[in-house]
Every structure is written in structure tokens, then in C-alpha cells.
Amino acid sequence: MNGGGYEIDAPVGRSLAQVLREDLGFTGTKVACGEGHCGACTVLVDGVPTLSCITLVHTVDGAEITTIEGLRDHPLIDAFVRTDAVQCGFCTPGQIVSASALVAANPSPSRDEIRHAMSGNLCRCGTYPKIEEAIATWRG
């Protein structure tokens, strides 16, 4: 978990998001729809963007999980601020987590690749062009 080890005795049926937020205090992971449609709850499970609101915690036993808290020094955060991609901020953690997986696999993604990779992350404020710009220019 964010580079550290945690052992949790969680009942079967609890979501990863519930355990992260309620048991471990990683409240940067947001839950909006609770149905896996919006992407606000995105975390990395073994480097893969995963919707934590619909992922049962027992299915990720032994996996490396990265939340937004584990990315606090990632250059994407500065890029989101620089391009004003942060409006209300509710979706931002999930956006940055998804974007971090994209740039880890492809440090210079095309605009089409960015749009495709980010298609599962919704933003009610409509900052999609700014989010795209942040990812396209994340290295400054």
C-alpha cells in the first residue's frame, strides 16, 4: 500500500474503497457513484487503474495498491495545477491516478491516447481539455 505494508482483517463483501477510506484513512480516494461508472475511486492495483468502489478487498490480497496519497510527489500533480485542470477537485485524485498509469506505460502519449486512457474518468466541471493538456505537458 503506497510502498508500505498493511494487514487488514476485513469481512468478505467490503469494497477496497471502504477499507481504504474507513479503515486506513486514505480519504484521497473518492467515492461518487459507488457503481464503477465515474472513475473518482480509481487506484492502482499492481500498476493497473482499478475502480475501488466495485473491487472487493479480498480480491486484492497481496497486491501492491497505490492511492493518490502514494503519488503526492508525482509531476502530474504540478501539471494539473499549472494547467488549471483542478476545478472542484473531487474527481482529481482518480484522474491523476489514471493518468499516472498512462504516463508510466507511455511517457509521451498522443492526444488520442490520452482521451482513450482517461475515458473512464468523469468530470462534472467539464475540465476535460485542461486535463488533457496537463497530461500532454506533464514533464514541463
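The values are calculated or read from the model by the stated rules, or taken from the named source; none is laboratory data. Here the structure is a predicted model, which is why all the values come from computation and not from measurement. Counting neighbours? That spans all protein chains shown, and the Cβs are built from the backbone with ideal geometry, glycine included.
Data overview
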| read-out | value |
| --- | --- |
| Search result, residues across the range 59-78 that are in contact (Cβ under 8 Å) with a residue 60 or more places away in the chain, within 19 Å of Y128 (Cα to Cα) and surrounded by 18 or more Cβ atoms within 10 Å (Cβ to Cβ) | L76 |
| Qualifying residue in the range 124-135 (condition: of a type in the set (S, T, N, Q), part of a loop (DSSP other than H, G, I, E, B) and over 15 Å from the mean Cα position of the chain (by Cα)) | yes |
| Long-range neighbours under 6 Å by Cβ, at least six apart or interchain, first residue over 14 Å from D112 (Cβ atoms) within the range 125-137, second aromatic (F, W, Y) | A134/F80 |
| Residues of the range 34-58 that turn out to be over 22 Å from A10 (Cα atoms), surrounded by fewer than 21 Cβ atoms within 10 Å (Cβ to Cβ) and small (G, A, S), as a count | 1 |
| Residue in the range 1-13 that is farther than 22 Å from Y128 by Cα and in contact with a Ser or Thr (Cβ under 7 Å, 6 or more places away or on another chain) present | yes |
| Residues (in contact (Cβ under 8 Å) with a residue 12 or more places away in the chain and either touching a Cys at 6+ places or on another chain (Cβ under 6 Å) or more than 20 Å from F26 (Cβ to Cβ) (or both)) located in the range 109-124 | P109, R111, I114, R115, A117, M118, G120, L122, C123, R124 |
| Scope the range 74-109; condition over 14 Å from the mean Cα position of the chain (by Cα) and either not assigned by TED's automatic domain parsing to the domain that holds K130 or not hydrophobic (A, V, I, L, M, F, W, C) (or both); matching residues | P75, D78, R82, T83, D84, Q87, N106, P107, S108, P109 |
| Pair list, Cβ under 7 Å, 6 or more apart: the range 88-107 residue closer than 15 Å to T27 by Cβ, other residue among the hydroxyl-bearing types (S, T, Y) | P93/T29; G94/T42; V97/T42 |
